[in-house]
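Undergrad: Below you will find the structure I want to go over with you.
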Amino acid sequence: MADEREPPPMEESNENNEDDIFSEAIEKKTTDESKTEEQPVIDSKQEEPTRVPIKANINTDDLFSGEGDEVKLDSEEEEEEEEEVPEPEPSKTDDSNPFNSVEPPKPVEEPTPTPQISVSSHSSSSAVKVTASKPSKEEEEEEDEFTIDIKISDPQKMGDGMGAYMVYRVRTKTTVPAFRKAELSVLRRFSDFLGLHSKLADKHVSKGVIVPPAPEKSVIGMTKIKVSKDDSGSSDFIEKRRAALERFLTRTASHPLLRMDPDFRDFLEREGDLPKSTNTSALSGAGVMRLFHKVGDAVDKISFKMDESDEWFDERHQQIENLDVQLRKLHSSMETLVHHRKELSLTTMHFSKSAAMLGNAEEHTALSRALSQLAETEERIEIIQHDQADHDFYLMAELLKDYISLLGSVKEVFHERFKTYKVWKEAEATLTKKRENKAKLELAGKNDKVPQAQNEITEWSEKVEKGKEDFEKISQTIRKEMGRFDRHRVEDFKTTVVRYLEQLMENQQKLIKCWEAFLPEAKAIA
């Protein structure tokens with residue numbers, strides 16, 4: 001019986017032991033977890049690989065809670081970086097996290113000085129542009145110190161038949177000390193103006209100076225003058241040419257460099273006839289050669305491409321082309337407007353004559369008087385409309401035509417820069433060939449020809465340097481000339497448009513007064 005009673009206590013002890021075993025395991029787990037939570041970094045070296053997943057389940061907020069103490073491990077490197085970039089906030093990152101290796105924003109922040117360098121370099125270049133534009137402003141001040149006023153009047157026909165030509169009186173008033181007299185008066189024929197422009201263009205266009213264009217030679221207009229015995233039929237053509245010649249001399253005199261040219265001063269000062277200008281005829285051999293040169297220049301532009309390194313010239317070239325197109329469209333519209341105004345004036349004159357004849361045939365006294373007053377009113381309106389057509393032409397149409405020609409001169413200056421660039425690059429290509437030739441001679445052992453090859457290299461090196469200097473000079477001159485061209489263009493258009501609008505308003509007011517004066521006569525018809 002005693003043996004049978006022994007097993008129960010054994011079972012109870014086993015159960016107690018099993019309970020103790022599980023309780024110990026639970027206690028061990030809790031203690032291990034508490035240790036890992038309290039000291040994750042200190043126990044990381046002693047933990048076995050089997051406990052790595054336990055660390056992965058730990059809350060990341062607890063890991064980053066002690067980041068302030070761990071940043072001190074890389075304090076030496078961070079202090080150096082803080083000296084370069086004074087921003088202390090990068091200490092918030094955790095170096096223990098492997099993903100924070102991407103964090104070095106400091107190298108990203110280091111390039112920040114580079115845009116500052118580029119900005120400073122750009123600002124310095126803009127300052128250079130400002131300094132380059134200052135001489136033009138000083139030249140304007142110098143222009144204001146001295147004045148020169150040129151008027152052309154009294155066109156006269158000299159000779160008879162096909163040998164006839166026109167002579168114009170050129171009167172000059174100036175305070176420029178380079179001239180011999182303050183007031184000058186000379187007679188000049190049209191070919192003298194063309195010869196003056198040719199001389200100025202030959203000397204200054206190749207240097208980048210914009211020379212105002214002379215009026216075009218009209219074979220048809222001059223033929224009419226030579227053949228006709230009555231000057232009344234060609235008075236319109238003569239007046240247009242006189243105004244165009246006056247504008248040519250005025251624009252030339254406004255340029256500080258061109259007005260001091262000896263040929264220009266001789267043109268205004270020399271009494272008597274100038275040496276006969278050659279090659280000014282439209283059908284002369286020189287005219288045909290100029291045409292061939294233009295064709296050759298166009299072929300050069302197609303065959304040789306210029307690698308433009310200055311964006312300013314590309315932009316200006318596009319602006320000039322667009323401005324040329326728009327000016328031509330506006331000029332065509334203005335000429336159409338002038339033509340319609342003249343037609344309206346002519347139609348108004350016919351209407352006034354018809355109204356006058358109807359008034360004479362009308363038996364009703366009041367109606368006849370009103371028709372006669374209407375005819376007189378239409379005559380006055382016809383004069384106003386014809387006057388407005390003249391203002392449309394001489395103010396707006398001629399200004400647009402002049403600036404279309406001026407843009408042609410600007411394009412010539414840009415083409416001279418292109419030719420200078422081509423000469424420079426061709427000299428560089430020749431220099432490269434000369435150097436290659438010298439190297440071949442040295443390899444072939446022809447030492448007797450090496451000194452000559454070296455002399456050729458020196459010669460072409462000087463040509464390359466000169467070509468580069470010429471290109472830089474003409475580029476700088478064109479920049480100044482374009483600044484001056486833009487200022488004068490704005491001033492000319494502003495002055496002309498204001499005058500045109502004032503004249504247009506004045507004529508409209510005259511029209512209103514004419515109709516207001518006629519209205520009581522119309523109401524008096526009974």
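The values are calculated or read from the model by the stated rules, or taken from the named source; none is laboratory data. If you're wondering where the values come from, they're calculated on a predicted model, not measured in any experiment. Don't worry about glycine lacking a Cβ; one is built from the backbone with ideal geometry, like all the others, and counts go over all protein chains shown. Please note that ligands, DNA and RNA were not included when accessible areas were found on the heavy atoms of the full protein model with its side chains. Shrake-Rupley method; radii C 1.70, N 1.55, O 1.52, S 1.80 Å.
Undergrad: Could you grab me the full set of residues in region 416-442 that are closer than 29 Å to residue 204 by Cα and among the charged types (D, E, K, R)?
TA: Selection gives 416, 417, 419, 422, 425, 426, 428.
Undergrad: Now a separate question. Being outside any helix (DSSP H, G or I) and out of contact with any strand residue (DSSP E or B) (no Cβ under 6 Å at 6 or more places or on another chain), is that true of even one residue in region 363-381?
TA: yes
Listed here are the residues, each with its yes/no results for (1) open to solvent by 50 Å² or more (accessible area, probe 1.4 Å); (2) among the acidic types (Asp, Glu); (3) part of a helix (DSSP H, G or I).
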{"position": "470", "(1), (2), (3)": "yes, yes, yes"}
{"position": "477", "(1), (2), (3)": "no, no, yes"}
{"position": "484", "(1), (2), (3)": "no, no, yes"}
{"position": "504", "(1), (2), (3)": "no, no, yes"}
{"position": "513", "(1), (2), (3)": "yes, no, yes"}
{"position": "518", "(1), (2), (3)": "no, no, yes"}
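Undergrad: Would you pick out the residues in region 383-403 that are aromatic (Phe, Trp, Tyr) and surrounded by fewer than 18 Cβ atoms within 10 Å (Cβ to Cβ)?
TA: Across region 383-403, the qualifying residue is only 394.
Undergrad: When you check residue 489 against the structure, is it assigned by the TED database to the domain that holds residue 409, at pLDDT 95 or above, open to solvent by less than 90 Å² (accessible area, probe 1.4 Å) and under 25 Å from residue 212 (Cβ atoms), yes or no?
TA: When the stated conditions are applied, residue 489 passes them.
Undergrad: What's the number of the condition residue 200 fails, among (1) within 20 Å of residue 417 (Cα to Cα); (2) open to solvent by 40 Å² or more (accessible area, probe 1.4 Å)?
TA: Tallying (1) within 20 Å of residue 417 (Cα to Cα); (2) open to solvent by 40 Å² or more (accessible area, probe 1.4 Å), residue 200 fails exactly one: (2).
Undergrad: When both residues are 6+ apart or on different chains and their Cβ atoms are under 9 Å apart, which pairs have a first residue that lies in region 308-333 and is closer than 22 Å to residue 478 by Cβ and open to solvent by 70 Å² or more (accessible area, probe 1.4 Å), and a second that is of a type in the set (Phe, Trp, Tyr) and not in a loop (DSSP other than H, G, I, E, B)?
TA: 317/414
Undergrad: Somewhere in region 345-357, is a residue touching a residue at least 60 places away in the same chain (Cβ under 8 Å), part of a helix (DSSP H, G or I), surrounded by fewer than 16 Cβ atoms within 10 Å (Cβ to Cβ) and of a type outside the set (Phe, Trp, Tyr)?
TA: Scanning region 345-357 turns up no residue that is touching a residue at least 60 places away in the same chain (Cβ under 8 Å), part of a helix (DSSP H, G or I), surrounded by fewer than 16 Cβ atoms within 10 Å (Cβ to Cβ) and of a type outside the set (Phe, Trp, Tyr).
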